[in-house]
Each structure stands twice: as C-alpha cells, then as structure tokens.
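> Dumping the structure here so I can ask a few things about it.
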Amino acid sequence: MILGIDLGTTYSVCSYIDENGEPQIITNMEGQRTTPSVVYFENESSVIVGQTAKENSICCPADVVSAIKNHMGEKDYQFVTSFGQSYTPEVISGLILRKMVTDANQFLGTETPLNRVVITIPAYFTDAERTATENAARIAGLELVRTINEPTAAALYYAVKSKLEHANILIYDLGGGTFDVTLIRVDGSEINVKSTKGIKNVGGRFFDEEIVAQIHDYIEDEYDVDLEDEEYLDVYQELFNRAEKAKISLCRQEKAIIPIRTGEFKESYTLTRADFEKIVAKLYKRTEYCVKSAIADAGITNADIDKVILVGGSSRIPYIEQQLTALLGIAPSHEVNPDEVVAMGAALFGKQLEAERAGSSDARTISDVCSHSIGVSALDELTLRKYNRILIKRNTTLPAVTCLPFRTASENQEKIELSVTEGEFKELCDVRIISETEIILPPNLPKGTRVEIELRLDTSQLVHLWLRIPAVNYETEFKFKRISNLSDQEIEKLTGLIADYDVS
Ligand SMILES: Nc1ncnc2c1ncn2[C@@H]1O[C@H](COP(=O)(O)OP(=O)(O)OP(=O)(O)O)[C@@H](O)[C@H]1O
Ligand SMILES: [Mg+2]
C-alpha cells in the first residue's frame, strides 16, 4: 500500500486505503488526525515532531522550528539549534515525514513497515521547491512513488466521492502558508487540470503573525513593554498559539479575548471579527485576482463553474466564503473536510497508481498543468542582450516537451552553455534560474552538426534535459545540477546523518 501524505506548512496529514478501498485518515501517536509541522530538536540525536514540539516553542524557542515548508528550495537556509547543529529545510521536512510514516505504521500495525508514499505539493511550487520536497523524502529514507499537486489531490477525492460525471470544479486552497486556485474539468474517469495560479507565503500563519503584531503594538503603547525582548520570550511565543485559537473561534463568535500575562501586568486583548476581517481582506483581494486569472486561463466564465470546493484550514474563514460566493455567484460546497481532503486524495492517487501498474481498467486518468513557464536564457540578435525565452508556457498540460535545435559552431565543439529558467518575465533578473549548465557534447562532431536539446517537464513538473544528435544516433538524458538544490552527495550524507535519529 502507498500512504498519502499532505506535508503542510502548519499541519501535516497522512492517509491510507482501508480494506474497502476507501481513503481514511491515520490517527497519530498523540491521538490526533493532523500533526503540527513543527520540529523540536531535543538534542543532537533526538527530535520531537508535532503537538509537543509546538508546545515547546514556548520554553525552548531556539530549538523549535515551524513552517519550514516556506523555506523549501532556499539553498542557503539553515536552522541552527542552541547546541550549534544546523539543519537544511530538506532534513527538517524529512524528519516530519519520518514522524508521519512511523505513526502510520504504528497505527496500521502492518507486519512489514510501509515505506512507499505519495506526497502532495502546492500547485504553485517551483522546480526548486518540488525538488527539495522530493529530496526530503529521500533523506527520510522513503520511497516517493509520485508527488501530486494539492488541489489536484483534493479534486480527485471529490470526483471519486461525488461520482460527478461532467463538471468544472474550482478548488480554492488556502492553507497555513500557501494559496492555490485550480480549475479542473471532470469527464467520467478523466480528471484534467485546466489552469492553476497561486501565491506563496500567504495563509493562516501570516494571519496569526498579524494578530500578534497588533497585540505587540498595543502592549508597547499601553505599558511601554516590548514583548519581543528576551525576558518576555515565553509570553510572546505563547501569543502565537493564543492568536491561532482566537482566529479559529472567530468563525463562530463575534469577538475573541486573548489574555496576556507577564510578571508585571495582566491584560486582555479583544479581537473582533471585524478587526480580523480587515487582516483577511488584504490577502483575500490578492487571491481573488488569482481566481479571476485562473478562470480566464481555463477559457471559461464564472457561469461555467459547477462546483467550488474549499480546501485548507484558512478557507473556513466565513469572510472568504462570503466574498467568493459574491464573486462567483455560486456558494462553495461543504462536502469535503478542508483539512483532510488533500491527504485522502493523495492516498487515492497512490491507489490509482497501483491500479495503473496492475493494468486495471478502473484507473482514472489525471492530467495536470505546469504552474510556471519554463525557458532558457537566449541572445536577442538585435540588442545583443540576453533575455528569458519561454519554451513551455505556464498552464501547458503535463508531461510537456520542447526542442531547442542548435548547429555546432566549430569542429569538435565540446560543450553548449545553457541556463534553464522558470518564470513569466522577459528580463532574466525577474525569473528564477533553475540551472546554469554546460552540456558536454560527444567528441569529433563536424562543424554545423545539428544538436537538439529537449526540455521535458514530467508529470511532477520537474525539468529534464535530453541531448539528441540525429547524425550520430546519439540520445541521452543530461543530468544537470540545480542551483538551489542539494547534490546527490549532500543528500546521501544527510540521509546518513539522520538515519539514527530518534524521531517521536
Ligand atoms: N476555523 C478556522 N478559521 C481560520 N483559520 C483556520 C481554521 N481552522 C484552521 N485554520 C488555520 O488553517 C491553517 C492550517 O490549514 P491547513 O492544515 O490546511 O494548512 P497547511 O496544510 O499546514 O498549509 P499549506 O497547505 O499552506 O502548506 C492554520 O493556519 C490554521 O490556524
Ligand atoms: Mg495544505
């Protein structure tokens, strides 16, 4: 069996397929269906993941790391503990994955521990962020069967559950740290993503931060106390948990009281729903722009949308539902649990992959699109300046292939320099460089030999380079180094480093 893991910014969820072929959520060792994506480094070989780690952020903030997903794909980011050990985002995510799989095995009590997983990824993640997630799974010692975009996993679950035959579904996914909107067309057993758009570093944890910032300013004005000072660190850390609870309670209540206790004063801060909605409104406007753009990119209008599905804990905020209803003229459906649907979709996707492998005819076909354009750095013949030449446009159905033909400029040309880019703009400074590589050519090619470089985007939206030289019947995949990701050697070293860690 393949486990489905929703590796979230703030909470992670794991799902499996039960004996009736239905996806179910794993209850973790703490008895919860969701696990905070928080890691506490107890010492150099012992790590606690989840609720206890979240609680420890108050007493030992220097050794607790949260929301690491927002740093995936940042080559230079390291979390340094109080005992001087540093950890990359891949290792920290790997430790969360280890906890999820260990708890799943404990819960299921399987004789041979399960090790094969499908991991979900925000649709708007870049090549670097996707690669970092795959590397986290490798570091955790897991067999990553495939990744699937979070909204697509949600749509798969919904399509299977609702038995919808023909529909356009809009998935609005606002979680703890990412936002995606995806338009999906379901036709019988075919699930086709039509378009997707997103924003990074938005969501629930930023609402918590904003609430805490307001309280911080209020306390500073009233008491001339800076809660960010070392002496108030525990009060300050605890405020984040209180802000989150208050935010959640505002779904049902008009106001929430947040107590602040220090040695010097006791205060109660009142947060009204109207105050909170002001915080949400700023972000909502940005998501609304994405929704409109995704609908236009899918080539449909609001009237063509049959279902709106809310995914991610932050989509529970009533203001968001009201605004979306007003925008789209259709009320979102409440048929799925926004916290669990992605993990269940991932488990179902694992089941589909196994069915496909077994040649079963009930497998659904699922196609996704790329969320960012892929190109190369090219020379503008007129200005002689380098620019970003897009070769695969965003929202192209995956897998996608494009061919870049060259002629060798000299006898026995040894290499071709190539920069692979990701992004929508023409200026190279406005896009991401995935790789700056030298493609080594086989020896003794005559001048003017046709060389074809193929850029392939696989179904997980990862870039591959193929080199083809028809004249000498040469075709091989060219393995290139990604600027923002770990090398194979680094991954191997890190896998060894955490293999003996005690993760609970
Ligand atoms: N009723 C609610 N009202 C407001 N926010 C909520 C509610 N329930 C949960 N949240 C928030 O939703 C977020 C968690 O949602 P979810 O688990 O879907 O995100 P995630 O998977 O961790 O993040 P991402 O998908 O962005 O990586 C948290 O910030 C949590 O505080
Ligand atoms: Mg999520």
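Just so it is clear, none of the values below were taken in a lab; they were calculated from the coordinates. Predicted model only: the values in this text are computed from it and were never measured. All Cβ positions, even for glycine, are placed from backbone atoms using ideal geometry, and neighbour counts span all protein chains on display.
> What's the center-to-center distance, using Cα atoms, between segment 448-489 and segment 202-238 in Å?
Centre-to-centre distance over Cα atoms comes out at 49 Å.
> For Ile440 and Glu209 in one chain, what is 0.36 nm times their gap in residues minus the Cα-Cα distance, to one decimal in nm?
So the chain would gain 78.3 nm between Ile440 and Glu209.
> Counting only the backbone N, which residues of segment 124-156 are under 13 Å from the spot 7 Å out from the Cα of Glu335 toward its beta-carbon?
Within reach of a label on Glu335, which here means backbone N under 13 Å from a point 7 Å along Cα→Cβ, segment 124-156 contributes 155-156.
> Taking the Cα centre of each part, how many Å lie between segment 251-308 and segment 184-201?
A separation of 24 Å, based on Cα centres.
> Let me ask something additional. With the crude spin-label approximation of a point 7 Å out along Cα→Cβ, what separation in nm comes out for Phe265 versus Lys447?
Taking the simple label geometry, Phe265 and Lys447 are separated by 8.1 nm.
> Report the Cα centroid-to-centroid distance between segment 1-78 and segment 398-434 in angstrom, as an integer.
What the calculation gives is 38 Å, centre to centre.
> Starting from the Cα-Cα distance between Ser410 and Glu490, subtract it from 0.36 nm times their residue separation and give me the gain in nm to one decimal.
25.1 nm is the gain from fully extending Ser410 to Glu490.
> Before anything else, pin down the relative contact order of the chain: Cα pairs under 8 Å, at least 6 apart, normalised by residue count, whole percent.
That works out to 17 percent.
> Also, I was wondering about something else. In nm, to one decimal, how far is the modelled label at Ala296 from the one at Glu424, with both set 7 Å along Cα→Cβ?
0.9 nm
> Å³ per residue of the Cα convex hull, for the chain?
179 Å³
> Something else: Given the Cα-Cα distance of Asp275 and Asp224 and 0.36 nm per residue of separation, how much length would full extension add, in nm?
Length difference between fully extended and current span is 16.1 nm.
> Right, here's the next one. Obtain the nm distance between the two label points defined at Ser82 and Ser46 by a simple spin-label model: each point lies 7 Å from its Cα along the Cα-to-C-beta direction.
Using points 7 Å along Cα→Cβ, the separation is 1.5 nm.
> Now a separate question. By the gyration tensor of its Cα atoms, with a ≥ b ≥ c the square roots of the eigenvalues, what is the shape of segment 204-278: rounded for a/c under 1.5, prolate for a/b over b/c, or oblate?
prolate
> Round to the nearest 0.05 the FRET efficiency obtained for Lys282 and Ser249 when R0 = 25 Å and r is the Cβ-Cβ distance.
0.75
> Write out the chymotrypsin sites (Phe, Trp or Tyr not before Pro) in segment 79-137 meeting two conditions: DSSP loop, and at most 13 other Cβ atoms within 10 Å of their Cβ.
Phe83
> For the chain, what does -39500 (n - 2.57) per DSSP helix run (n ≥ 4), summed and divided by total residues, give at 222 nm, in deg cm²/dmol to the nearest 500?
-10500 deg cm²/dmol
> Consider just the alpha-carbon atoms of segment 77-133 and return their Rg together with their Dmax, both in angstrom.
For segment 77-133, the Cα radius of gyration and maximum Cα-Cα distance read 14.5, 39 Å.
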